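Working notes for the structure below.
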Amino acid sequence: MRIKISFLCTTVLVVGWLDLWTKRWALANLSLGPMSEFMGGYIPLTLAFNKGAAFGISIGDDSRWLFVPLSILALGLLFHILHLSEKKDYLRILACSSVIAGALGNLFDRVRWTRGVVDFIGPLDLGFMLWPIFNVADMAISCGAVLLAISFWKEENDMAGNLSIEEGTDTVQ
């Protein structure tokens with residue numbers, strides 16, 4: 001349990017600090033308009049307030065009171081998955097910790113004011129579409145979600161492999 005708590009606390013502190021610091025910087029420096037000098041202009045920085053979910057998906061004008069309880073419910077589920085994970089399953093522990101850290105960062109914005117979640121990275125021109133504006137917490141959630149999917153996929157494949165080995169030993173005489 002100590003490993004899980006260490007991973008979780010470290011990830012929440014690092015991601016939380018980066019998220020808060022970068023959002024504070026964005027609020028102070030991007031309020032006059034987009035900045036295009038970052039990374040040689042390849043990554044524009046534009047201050048935006050997202051009142052909706054991922055990619056700006058909105059359910060009405062003030063959907064924060066829908067997203068706050070949903071975020072709390074998702075956090076509860078993630079803590080449960082983290083609790084059930086094996087202590088040596090570092091991939092799942094890191095994945096849950098990353099999603100929890102990002103969710104807490106965005107939840108903080110939703111609770112502290114009505115403007116919405118502070119986003120500032122983007123929009124990114126991918127050539128075939130504009131990727132919506134996002135923040136550090138969103139990156140932690142996205143990376144953690146991918147790692148969590150990989151973790152579940154590996155677990156499923158390991159269980160299927162063990163089942164095949166067990167079935168194979170039953171037929172050998």
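Since every read-out is calculated from the coordinates, none of them should be taken as a lab result. Source: prediction; values computed, not measured. Methodologically, a virtual Cβ is constructed for each residue, glycine included, from the backbone with ideal geometry; neighbour enumeration extends over all protein chains shown.
Brief remarks follow.
- Ranked from largest, the principal axis spans of the Cα set of the stretch 53-95 equal 44, 19, 8 Å.
- For the peptides 100-111, 124-135, the ranking by mean Cβ contacts within 10 Å, running from highest to lowest, is 100-111, 124-135.
- Sequence-distant residues sharing a close amide H with Ile133 (under 5 Å, placed H): none
- Set of the stretch 118-145 residues, backbone N closer than 13 Å to the point 7 Å along the Cα-Cβ line of Met35: 120-122
- Just so you know, the Cα atoms of the chain work out to an Rg and Dmax of 19.8, 77 Å.
- Spin-label pair Leu20/His80, simplified geometry with 7 Å Cα→Cβ offset, distance in nm: 2.9 nm
- For the chain, the dipole from Cβ point charges (+1 on Lys and Arg, -1 on Asp and Glu) about the Cα centre works out to 820 debye, to the nearest 20.
- Between Ser58 and Trp153, the C-beta separation translates, for a Förster distance of 41 Å, into a calculated FRET efficiency of about 0.85.
- Exposure proxy shown here: for Ser6, Ser58, the number of other Cβ atoms within 10 Å sets the order, fewest to most, as Ser6, Ser58.
- Spatially, the stretch 122-146 and the stretch 1-54 are offset by 12 Å when compared through their Cα centroids.
- Charge dipole (Cα centre; +1 on Lys/Arg Cβ, -1 on Asp/Glu Cβ; no other charges) of the stretch 72-129 amounts to roughly 220 debye.
- Proxy reagent accessibility, fewest Cβ within 10 Å first, across Ser97, Ser71, Ser36: Ser36, Ser71, Ser97
- Taking 27 Å as the limit for the C-alpha separation, the pairs Lys4/Lys154; Lys23/Lys51; Lys51/Lys154 exceed it in the case of Lys51/Lys154.
- Ordered by the number of other Cβ atoms lying within 10 Å of each residue's own Cβ, fewest first, Asp89, Asp119 fall into the sequence Asp89, Asp119.
- Between Asn106, Ser58, Leu75, the Cα set farthest toward the positive side of the dipole of the chain (charges on each charged residue's Cβ, about the Cα centre) is that of Asn106.
- When the alpha carbon coordinates of the stretch 20-63 are projected onto the principal axes, the ranges are 36, 20, 19 Å, largest first.
- For the stretch 156-161, backbone phi angles converted through the Karplus equation (6.51, -1.76, 1.60; θ = phi - 60°) give residue-by-residue couplings of 5, 5, 5, 5, 5, x Hz, Gly and Pro being listed as x.
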